1. Show the residues, 5+ positions off or on another chain, whose built amide H is closer than 5 Å to the amide H of B:LEU34.
2. Pick from B:HIS306, B:HIS323, B:HIS71: which is most flexible by mean-square fluctuation in a GNM of chain B where alpha carbon atoms under 10 Å apart are linked?
3. Return the distance in nm (one decimal) between the two label points of a simple spin-label model at A:ARG101 and A:ASP162, each offset 7 Å from Cα along Cα→Cβ.
4. Only Lys, Arg, Asp and Glu count, each charged at its Cβ (+1, +1, -1, -1), so figure out the dipole size of the protein assembly as shown about its Cα centre, rounded to 20 debye.
5. Taking the DSSP beta bridges in the protein assembly as shown as the whole, what percent of them are antiparallel, to the nearest 5?
6. What are the chymotrypsin sites (Phe, Trp or Tyr not before Pro) within the stretch B:193-279 that DSSP puts in a loop, where the Cβ has at most 16 other Cβ atoms within 10 Å?
7. Using a 10 angstrom cutoff on alpha carbons, build the Gaussian network for chain B and name the most mobile of B:GLU355, B:GLU315, B:GLU293.
8. Please figure out what share of the DSSP beta bridges in the stretch B:141-256 is antiparallel and state it in percent, rounded to the nearest 5.
Amino acid sequence: MTAATQAPGAPGSPVVISTRVDKVGTRPKVIGAIRAVIAIIIAFIMLIPVIWMAMTAFKSRPEAVSAPPVVFFTPTLEGFASLLTQRRQATTAEIAAELERTDLNWMEQIALSRGQLVIGQSAFLRQLLNSVVITGLSTFFSVTFAVLSAYAFSRFSIPGKDDLLFFILSQRMLPAVVVTIPIFLMYRTLGLHDTHVGMILLYTAFNLSFAVWLLKGFIDEIPREYEEAALVDGYTRLQAFRKIVLPQAATGIAATTVFSAIFSWNEYAFALMLTSDLARTAPPSIPLVLGVGGIEWAAIAAGSLAFLIPAVILTFVLRKHLLRGVTFGAIRKG
Amino acid sequence: MATITLDNVEKKFGEAYAVKPLNMTINSGEFVVLLGPSGCGKTTTLRMISGLEAVTAGSIRFDDRDVTWLHPSQRDIAFVFQFFALYSHMTARQNIAFPLQAAGLSKTEVTRRVDDVAALLRIRHLLDTRPGSLSGGDQQRVALARALVRQPAAFLMDEPLGALDAEFRETMRAEIKRLHIQQNATTVYVTHDQIEAMAMGDKIVIMSRAEVQQAGTPAEVYYDPSNLFVARFIGSPGMNLIEGAYSSGTMLLPGGNTYTVPDAWRKALEMSLPDSGKVILGFRPEAVVVSPEGALNSVVYADDLHGGYSMLHLELPDSSIVHARVGREFSFPIGAPLQFDVDPQMVRFFNPVTEKAIRLNGGEA
Amino acid sequence: MSNIRLENITRRFGEIVALDDVSLTVQDGEFFVLLGPTGAGKTTTLRVIAGLEKQNAGHVIFDAHSMDDAQPADRDVAFVFQQYSLYPNMSVYDNLAFPLRSPLRKTPEAEIKQRVTDAAEKLRINHLLERKTARLSGGEMQRVSIGRAIVRSPRVFLMDEPLSNLDAKLRESLRVELKHIQKVQHSTTVFVTHDQIEALTMADRIGVLDRGKLLQVGTPQDIYDRPATTFVAQLVGTPRINLLRTARNNGALNISHSDLTLSAGHENLPNDLLLGVRPEDVRLVNDGQFEGVITLIEPLGVETIVHIRNGEQTLLSTIAGNVQVRIGEAVRFNVVPDRIHYFDIDGKRI
Ligand SMILES: Nc1ncnc2c1ncn2[C@@H]1O[C@H](COP(=O)(O)OP(=O)(O)OP(=O)(O)O)[C@@H](O)[C@H]1O
Ligand SMILES: Nc1ncnc2c1ncn2[C@@H]1O[C@H](COP(=O)(O)OP(=O)(O)OP(=O)(O)O)[C@@H](O)[C@H]1O
Ligand SMILES: [Mg+2]
Ligand SMILES: [Mg+2]
């Protein structure tokens, strides 16, 4: 007998302990490498539209529309300049005057090189900010309310629980376009049209039903014994909820946050109907970035890119929790 | 019925051995139990015999037939799984007849064989019932019947009682063994429950860390374990093991106890031990003889009734615990000092470095 | 530490009666084991004591104070669950400290540290204190759960099958440790299990529950030697007790389907009854009164279970492991007369 040699899958562990985890041995490195390569290739293919968009954002105007498309080019910030400013055609005298100035910023320089004058900021930054505010607050409210009601649905016996749950889900069954007109009329009467509050309210309500269902699933998975242990240990239910349930539900909360945020962030139909100026969000406005003289493809691409970034940041920040969420089914019980 | 021979059979998953090269002969009509803790390679061994898993080296023979690369269906074996996969839409009779129909037997022959096996397992009155309305034990019997009805060259069973509660296990254990005695079918049975293994096996093959630790009859593995692993694993609780230093007829145990080594063992120990004299003394709980003149000092740590007998847990001066099986009329308060001896017939010695048992002739197991 | 009294507790879940008029008293410092099969109502009883479940009728009384309206937090009990109860996002230390940090207790950190270290030492987990609980083995997890109960010296310990998910070897050693700690701390404990060996070996007294009814309460000796019903008799002891249908004829007891006949020990036995004989009380002896044929041998090492057939009856007998017997061998045996249990045909002890 050679007791020193290690059993596969159970290196050095005492033999008497029986657990059924770790059924799979170590994979050869080659297979791992091959998988990585395949994953990268697939990711690349999936990302081609995004990459193309990013490239377009940095192209000059003729490059952006040239056929056949150019792949290698010198990046310029023209697109961003057109996105962020309002311009008009300059006269020769104005150009000369501008050329004298030494305090031109980069946008003015780009405009100048195209023979244009910057006459003010575009609405894009404000719209992006609106998107951030409305998405942020509506996500916050819907997730908060959803956690509370999902916990209640999961843990307490509520009269008519099943009916209520179904009712909540049914909120989601009507397609948005069907209800936009009534809501538009309602909002106009209530003075909520084109206000932040109105949009936050709407998105919160819209996300809530879905969020409750999603979170209820996650909270159901958390064994009651955790809270009950805290209850007998001398904590109130609310304290047990805060100290035990919330940290354990982190994965679910992260997943719900991302789903809700992405919905609000991308939402187009309501935003188009219910906002016009003050509370207008980015999605309905990006395609409308009109340049002087023709569609500014580079500017649209730059807008889309800027629009994409917050979503990426959010996902990146929550990635640890999300990954656990994605593999949730594989987590061992007990 | 076939004799199964495994010749240097091994299984690797990637770089890791699930089963290290293994030699084993299962004689025709023998009931062999593969026993070991979780993950030691029992199931893998069984699956290699059945052909459900391909070997990575070595060969398997059924009698003189090399079956190493045969498909499971060509090996003429019956496999009983832990969770009996009964078809819920068929009656018990249809379930049992299923493997025979696959073999294309005549209707009358099928009926006859099903009736025979049902009589053997005492489930004739259940034949027209669907599995859903059978109790757990009866479902188990139907599943066994389905395996038995084929009269294969060998039965392979992977923890068939694992899903049952304690009460059924005891009954089914006896029932499977009785069947084996009547049918004398070559059987390989996998379990991690040492009581089950002892009760059922003609021969027990104890595995740990992908290799065989000892193969022998229940009495051999119980009384003469070949290494520390087997000594601990067999028996509930396992063998008491105390490390000490041997010199000229006595063993100095940690905490100041001195144990006088029986004469019969002295020569063996002197021959096989290194100069340090380090050796492990092993004895079963029933070998402890409590007596006021006992040479070993301890205090009572806990004391519990097991029904027909009591188990004393004695704390030695170095705070290790020794288990002692005593008559149920004995009862001691916790903390009471207690002297005991060890039945000289029942002591065994182990080399702490190799972990192997020292034999009376001075060799190692 | 406190004593606990349950008075006529009934708990229903819709149609199911989980507890049916259960009354019992657990003494101060006692190790009380509730034993019963699945669905017997063991967990429900613990949850009613802890206040996690409200009884439909009856009273829970700690030291003569009614607890009927007290919240779980106010009852000052410690609950060890079968699984799950460790908080995976905390270290072992924080898990152990958690009950002490509750707003009810507000223990100063220095004292927390002291108590946690003490408990950890008792349970031999001091080397694990910094570890996250998700990285513990089953046995270590269960030790930490027990540790979380003993750090705060509650009035009562409630333990719901804390050992049942563990490996056999581990269970054996934790059983001994747990019993030792309980005896040293002198803590009132209610321990739930369906494993008869756990009940016999650990309990000061055992309460046997079945389908919501408390069948018998007594010391392990009582339960083993004087089971109140055949159900209790079969629940404790491995191998299981031999139960033999028997008819009484003129002072003799004829065991049906066999030619085994005993003289009736008691005067007032009914004509139709069940005899219970524990396997260790069936003794193989050369000049035994009865004869039979060995049909099966199960050598367990220390002892061997022998199946002896007479007529259509099979009796199980346990004999010492070093005695040699063969299948098919004709043997003679005796039954220890004063250890025979008599039950009426409904299973009640006579
Ligand atoms: N398909 C597989 N791929 C990789 N490793 C495997 C595979 N099957 C088994 N193993 C590994 O081989 C070893 C032996 O596994 P096996 O299933 O034979 O154990 P076992 O003795 O039957 O254990 P248990 O009592 O838990 O059923 C384990 O370490 C296991 O992780
Ligand atoms: N919350 C509940 N809702 C409905 N029925 C319940 C509930 N809790 C328990 N029961 C029922 O009450 C009965 C007793 O359950 P309990 O959990 O106390 O049994 P137990 O003795 O602990 O069993 P086990 O050994 O399986 O844990 C069972 O029939 C169970 O189905
Ligand atoms: Mg297996
Ligand atoms: Mg329970």
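The values are calculated or read from the model by the stated rules, or taken from the named source; none is laboratory data. All values derive from a computational prediction rather than experimental measurement. We place every Cβ from the backbone using ideal geometry, glycine too, and count neighbours over all the protein chains shown. We work out accessible area using only protein heavy atoms, side chains counted, and drop any ligands, DNA or RNA first. Shrake-Rupley method; radii C 1.70, N 1.55, O 1.52, S 1.80 Å.
1. The answer is B:TYR189, B:VAL190, B:THR191, B:VAL205.
2. Comparing B:HIS306, B:HIS323, B:HIS71 in the GNM, the peak value goes to B:HIS306.
3. According to this spin-label approximation, the distance is 7.1 nm.
4. I would put it at about 2440 debye.
5. Percent antiparallel among DSSP bridges in the protein assembly as shown is about 80.
6. Answer by residue number: there is no such site.
7. With Cα springs under 10 Å in chain B, the top fluctuation among B:GLU355, B:GLU315, B:GLU293 is at B:GLU293.
8. 65 percent
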